[in-house]
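A short write-up of the structure that comes next.
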Amino acid sequence: MQPTLLILAAGMASRYGSLKQIQQFGPSGETIVDYSIYDAIRAGFGKVVFIIRKDFEKEFKEIFEPKLKGRIATDYVYQEMDAYLNGYPMPADRAKPWGTAHAVLCAKEAIKEPFAVINADDFYGRDSFEKAAAFLKNDAKPDVYSVIGYQLSKTISEHGSVSRGVCAADSESNLAAINERTKVYKDGDKIVYEDADGGKHAMAPDTPVSMNFWGFHPSVFDLSQGLFKDFLQKDGDKPKSEFFIPIVVDHFIKNKLGVVNVIPTGAQWFGVTYKEDAPGVQESLTALVQSGEYPDNLWK
């Protein structure tokens, strides 16, 4: 069995201001997601499923199909606003997608094997894909999921605050809770988060955080579908409400449906939260190429 990689690429980031999923950063015009797919292939993933939107389908496929053909199986699913509403009326003032857990749910018919979920605009590093693949091949079950835990200090932007899901693990390295910190940044030589009242709280540099790199058994689809129905009844009429992956994971843990392994990695994360991050991403990729971690042309 080869696991599948599900890539969340349907969103456009308002802070970044462009379709960053297809912006070129590598020395031969590679996107960030090219590096994720390259790492996934060498870690033993057998298929890539992209979650995209119909309005940029043609442009997206023209970029990825030629270089991936013959290297790994590909499929596409679409996060449409009316998907899995199951009779719930579409709110007239709804302008944004329903969130990351809804995006995953949209892949229900395309994935029948254990799979990982990542963002298209985050660089995760080779170590994370190798550990995720090992988990999915050997340990993923209906009652065992996983999350890759990054060291907080390796996930900070130099150009503004970020949101991070802080992972609390129990004595057996299983996830006990994720606490969303929405304003995390460097303050001198410390890393802090601000609470709703503006108070600052120091955070240890090695605090494990989720960067939305999950490992799931396909049983998560039925669980998500039921929870999405509940979400719509409770919050569907709120224009900005979103059905996030941690909502599903939190329900899974608190209702003792299973455990979520926190798999630690020392990999350096980087991404393009802000436009100012782009030169640093290019420099980081160039350094990795020069060190021999990646070829100067991934798909040559």
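The values are calculated or read from the model by the stated rules, or taken from the named source; none is laboratory data. Only a predicted model underlies this, so the values are computations on that prediction, with no experimental measurement involved. Neighbour counts are summed over all protein chains in view; Cβ atoms, including those assigned to glycine, are modelled from backbone coordinates with ideal geometry. These area figures cover heavy atoms from the full protein model, side chains too; ligands, DNA and RNA do not enter into them. Shrake-Rupley method; radii C 1.70, N 1.55, O 1.52, S 1.80 Å.
Quick notes on this structure:
- For the stretch 268-295, a residue qualifies if it is in contact with a helix residue (DSSP H, G or I) (Cβ under 6 Å, 6 or more places away or on another chain) and at pLDDT below 95, and the qualifying residues are Q268, W269, F270, V272.
- So G215, is it buried (at least 17 other Cβ atoms within 10 Å of the Cβ), under 20 Å from L6 (Cβ atoms) and either out of contact with any helix residue (DSSP H, G or I) (no Cβ under 9 Å at 6 or more places or on another chain) or not hydrophobic (A, V, I, L, M, F, W, C) (or both): yes
- Residue check for K256: of a type outside the set (S, T, Y), modelled with pLDDT under 95, surrounded by fewer than 12 Cβ atoms within 10 Å (Cβ to Cβ) and under 29 Å from K108 (Cβ atoms): no
- Criterion: modelled with pLDDT under 95, over 30 Å from G26 (Cα atoms) and open to solvent by less than 50 Å² (accessible area, probe 1.4 Å) - qualifying residue of G198, G226: G198
- Candidates P246, P264 - the one that is under 26 Å from I32 (Cα atoms), open to solvent by 50 Å² or more (accessible area, probe 1.4 Å), touching a residue at least 60 places away in the same chain (Cβ under 8 Å) and not in a loop (DSSP other than H, G, I, E, B): P264
- Set side by side, the residues I7, I41 differ, and just one is buried (at least 21 other Cβ atoms within 10 Å of the Cβ), closer than 25 Å to F221 by Cα and modelled with pLDDT of 90 or more, which is I7.
- The single condition among (1) under 29 Å from G236 (Cα atoms); (2) in contact with a strand residue (DSSP E or B) (Cβ under 9 Å, 6 or more places away or on another chain) that L136 does not satisfy is (1).
- One residue alone among S210, S241, S284 is assigned to a helix (DSSP H, G or I) and hydroxyl-bearing (S, T, Y), and that residue is S284.
- Of all residues making up the stretch 141-157, the number that are touching a strand residue (DSSP E or B) at 6+ places or on another chain (Cβ under 9 Å) and in a strand (DSSP E or B): 8
- Residue tally, condition among the hydrophobic types (A, V, I, L, M, F, W, C) and either at pLDDT 95 or above or open to solvent by 20 Å² or more (accessible area, probe 1.4 Å) (or both), over the stretch 52-67: 1
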